[in-house]
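Bear in mind that the values in this text are calculations on the coordinates, not laboratory data. These numbers come from a predicted model, not from an experiment. Cβ sites come from the backbone with ideal geometry, for glycine too, and all protein chains shown count toward neighbours.
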Amino acid sequence: MTTRTPNALLREAVTESGLTYAALARDVRAVAAECGVTLRTNKSTVEHWLSGVVPAGDTARYLAVALSRRIGRVLSPADLGLAPQAPDDEAVGLTLATDPLEALMPMWRYELDRRQLLAKSAYSVAAAALPLAHVREIADRTAAARTGRGIGMNEVAAVRDMIHFFSEMDERHGGAHGRSALVQYLSDDVAALVRGNHGTEEVRRQMLSAASRGVHLLGWKSYDAGQQGLAQRYYLQSYNLAVESGITGHDGFVMRTMAMQGLKLHRPEHCQALAETGLTRAKGKVDVQTEALFRVVHAHTLAKSDQRQAALAEAERARALLVSDQGDEVPFWALAWGPPAASVYSRTAKVHEALGDHRAASEQYERAAGARPSGTYARIVALDLVAGAEMQLKRGGIEQACATWHRAMDHMDGVQSVRTRKAVTTMRRDLARFRARGVRCAAELEERAIDFLGRQA
C-alpha cells in the first residue's frame, strides 16, 4: 500500500486564502471554464490534493490561479508543492521585458508549433496590474539603430495596410481565419522592421506603434477563441510596444482594452484603475472620437462598481464628444473595432445593462449594430444584435427578441468564432422555457440554431 505525504505547502495556501474546500473547488472549476475546460472538482477532490494526490493534467495550474486570485499574489504550482509544469513557459508574456520582442518570439513559436500551454493559460489578476506599475523609462530605451538611411514611412504604411487587411478578415470571418498567417507576418517581417535601421526617430516610433497594433489584433483573435490568458499576454506586450513608441494615447488605448477584458471576465480588479489611467494619458491630447472611446469604457467600469451617477455622466461626456466632432483624423490604432461612434454606442449599452436599464441598453445595442458596415464587421454586428435581443427578452418582449436574434444569425454565416457559437448556445438555453410552452418563434429559432451549430462543428 502506497503512503502519501500530505501537501503542507498547499494546506498553508488554502488556509491563507480563507476558502472552504467547497469554495476552492468552485473557484478551480471557474478558472478551468475560462480556459474552455470542464472539471468536476469538488470538496473531496481538494481533500485528496491536501493528502498528497497530484492534480491531473492542467488542473494544478488552475488551482494556482484560483488561489492567486484569492490571496492577492501570484502562485505557481511549485509554490503549492506540486510538480512544476515548464515554469519558464508559464511566465512567458506576463512580464514587460526590456525588449518586447524577447517576450513575443517564444509566444509566436508556441502558436506556430500548435503548442497548447499558452492557449490553455488562465487570465491573471496580478498581471492586469502590471501596466500601472510599469516604469516609464521603457519609452526612453535606445534602439539598435535610430538614424541613418533605411526603413521609412513607406514601410510603416505597408505594415499598417497589412494589419488592416488582417483586421478586416478577422471581423468578417472570425478570429480563427488568418491567425497563423498573422503570427508568421509579425514574427518574420514586422519584427525585422522594428529592429531595423530607421531613417528617422519618427519612423521608429510609428513602426513600434504599428507593431503594437498587430500584436493587439493577435490578442483580440485569442480573445475571440476563448483563450483569455493568451489574449492577456498579447495585450501586455502590445502595451509594451506602445509605451516604447511614445505615440500619445496608444499605450492608454491598450490599457482600455485590458480593462474591457477584465470586465468581460467578471474580474473587476484593476479595471477602473486601468480605464482611468488610460483616459488620463489621452484626454485633451487626442481627437474627440478617440477620447470618447476612453471615456465610455471608464463609464462602464464606474457602472460595474455601482457608481450610477458618475457612470451616466461619463457616458454622456462620451456622447457629447461624438456630437462635437470636427472631423479630425482618428489614429489607426483607435480604429480596432471600426467606427468609434459604433464602439461608443455598444459600450454605452453595457453601461445601461450594468445599471439594470434594459430598455436603454437595447436601444444602444441596436444603434451600435446600425453604425457599422455589416459586410465588414459581421461578427461584431451579430454580437451587438444578440446582446440587444437579450435585453428585449429581459423586458418580456419574446417576439421582438426572436426577430432580433434572427437578424443576428443572418450575420453569422461564414464566421468562425467561439463567441458567436457561445451566443447561439446561450440563446437556446434562454429560449428553452418558451419552446416548452409551444411559442412558435422560439421553436423556429431552435431549428436554425441546431443547423448553425451543426455547420460550425
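Per DSSP helix of 4 or more residues, -39500 (n - 2.57); summed, then divided by the residues of the chain. What does that give at 222 nm, rounded to the nearest 500?
Numbers: 22 runs with 294 residues, N = 457.
Rounded to the nearest 500, the figure is -20500 deg cm²/dmol.
Compute the FRET efficiency between Q309 and R429 as 1/(1 + (r/R0)^6), taking r as their Cβ-Cβ distance and R0 = 25 Å, and round to the nearest 0.05. Walk me through the intermediate numbers first.
Numbers: r = 34 Å, r/R0 = 1.38.
The pair Q309/R429 has a calculated efficiency of 0.15.
Compute, for the chain, the length of the dipole vector about the Cα centre, with Cβ point charges of +1 (Lys, Arg) and -1 (Asp, Glu) only. Units Debye, rounded to 20.
It comes to approximately 1160 debye.
Work out the FRET efficiency for A158 and R109 from their Cβ-Cβ distance, taking R0 = 25 Å, and round it to the nearest 0.05. Display every interim value, and only then the final one.
Details: r = 25 Å, r/R0 = 0.98.
Efficiency computed from Cβ-Cβ geometry: 0.55.
Report the calculated FRET efficiency for R11 and H266 (r = Cβ-Cβ distance, R0 = 25 Å), to the nearest 0.05. Please list the in-between numbers first.
Values: r = 28 Å, r/R0 = 1.13.
FRET efficiency, R11 to H266: 0.30.
How large is the Kirkwood hydrodynamic radius of region 310-457, in angstrom, based on all distinct alpha carbon pairs?
Computed over region 310-457, the radius equals 16.2 Å.
Give the Kirkwood hydrodynamic radius (Å, one decimal) of the chain, defined as one over the mean of 1/r across all pairs of different Cα atoms.
When all Cα pairs of the chain are included, the Kirkwood radius is 23.4 Å.
Just to compare against my own numbers: the Cα pair-distance distribution for region 394-449, 5 Å bins, whole % per bin, please.
4, 19, 33, 25, 13, 5, 1
Taking 1 over the mean of 1/r across every pair of different Cα atoms in region 8-85, what Kirkwood radius in Å do you get?
Numbers: mean 1/r = 0.0830 Å⁻¹.
About 12.1 Å for region 8-85.
Taking the Cα-to-Cβ direction at R455 and at T248 and moving 7 Å from each Cα, how far apart do the two end points lie in nm?
4.8 nm
Convert 25 °C to kelvin, take the viscosity as 0.890 mPa s, use the Kirkwood radius over C-alpha pairs of region 217-296 as Rh, and evaluate the Stokes-Einstein diffusion coefficient in µm²/s, rounded to a whole number.
It comes out at roughly 194 µm²/s.
In a Debye calculation with equal point scatterers on the alpha-carbon sites of region 151-222 and no solvent, what is log10 I(q)/I(0) at q = 0.13, 0.25, 0.26 Å⁻¹?
For region 151-222, the Cα-only Debye profile gives -0.35, -1.06, -1.13.
Report, in whole Å, the centroid distance computed from the Cα atoms of region 416-435 and region 237-310.
Centre-to-centre (Cα) distance: 30 Å.
Would you kindly calculate the translational diffusion coefficient of region 305-367, applying Stokes-Einstein with the Kirkwood radius from alpha carbon pairs, for 10 °C and a viscosity of 1.306 mPa s, and quote it in µm² s⁻¹ without decimals?
Details: Rh = 12.5 Å.
Stokes-Einstein gives a translational diffusion coefficient of 127 µm²/s.
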